[in-house]
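Laboratory data are not the source of any read-out in this text; all were calculated from the coordinates shown. In this text the structure is predicted, and so the values were computed from the model without any measurement. Glycine also receives a Cβ, built like all others from the backbone with ideal geometry; neighbour counts cover every protein chain displayed.
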Amino acid sequence: MPIWGLTAGGSTLFLASDSRLWLEGLSRLLLEESRFAVVGEGACDARSVEAIASLDPGAVLVDMSATDALIFLLSTARRCGEASLVAVGIDDRPQELLERAGWGIVGYTPRDASISELIRVLAAVTAPPVRATPRDLACPPALEERRTMLSNRELQILEYVRQGLSNKEIARVLGIEAQTVKNHVHNLLAKLEVRSRGQAAALGRKPSLRALT
């Protein structure tokens with residue numbers, strides 16, 4: 001059963017797990033960090049998805065040992081498009097998880113991560129955006145220039161990344177090897193000057209970065 005309104009102040013967090021011990025333990029550890037506030041917690045189910053949509057937390061921490069963790073991630077990403085999802089305690093296949101879950105995941109920690117490592121991830125995920133200066137506003141990013149740097153194939157793959165397809169799924173659609181897709185994704189991330197598929201997908205929604213047909 002979701003619980004919310006637990007604390008106030010700092011960057012807001014929602015915790016999702018089927019384990020009461022996991023929820024209570026992590027909540028207590030995070031209480032020691034004044035920059036974070038746990039505003040809700042619940043199982044990896046539909047009720048928590050609705051709670052997240054209502055609370056609009058700064059980040060959602062998902063216990064990846066939960067039976068329906070991946071389904072919950074996908075449901076939350078679809079229902080709460082702006083939610084920042086953090087996968088806590090993933091196995092040794094982080095890239096596959098990130099590809100399948102789509103652009104909603106903004107950070108993750110492995111199973112053997114410490115609380116300090118989780119705090120570092122949360123600090124990066126919830127960091128406030130840098131305020132734009134008058135010069136920044138006068139000189140917006142040249143998306144059209146970035147688009148011209150991408151090959152037609154990279155633009156095509158970027159569109160599939162925007163749709164949430166994994167490398168294997170893109171490979172099947174295009175009839176090429178998954179490793180080839182992986183190489184294209186690596187190259188387009190470098191050209192777009194972003195560090196994740198999620199950031200590339202966000203840029204991919206801009207008209208000037210859509211594939212030409």
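For Arg195 paired with Ser19, estimate the spin-label separation in nm (one decimal), with each label point 7 Å from Cα along the Cα-to-Cβ line.
My value for the distance between the label points is 2.8 nm.
Search the structure for amide H atoms under 5 Å from the amide H of Ala37, placed 1.01 Å from N in the peptide plane, and list their residues when 5 or more places away or on another chain.
So Ala37 has HN proximity to Ser11, Thr12, Leu13.
For Glu32, Glu50, what's the fewest-to-most ordering of other Cβ within 10 Å of each Cβ?
Ordered from fewest to most neighbouring Cβ atoms within 10 Å, Glu32, Glu50 come out as Glu32, Glu50.
So how do Met149, Met64 line up by other beta-carbon neighbours within 10 Å, fewest first?
On the way: Met149 13, Met64 20.
The fewest-first ordering by Cβ neighbours comes to Met149, Met64.
How do Val38, Val49 rank when sorted from fewest to most other Cβ atoms within 10 Å of their own Cβ?
Val49, Val38
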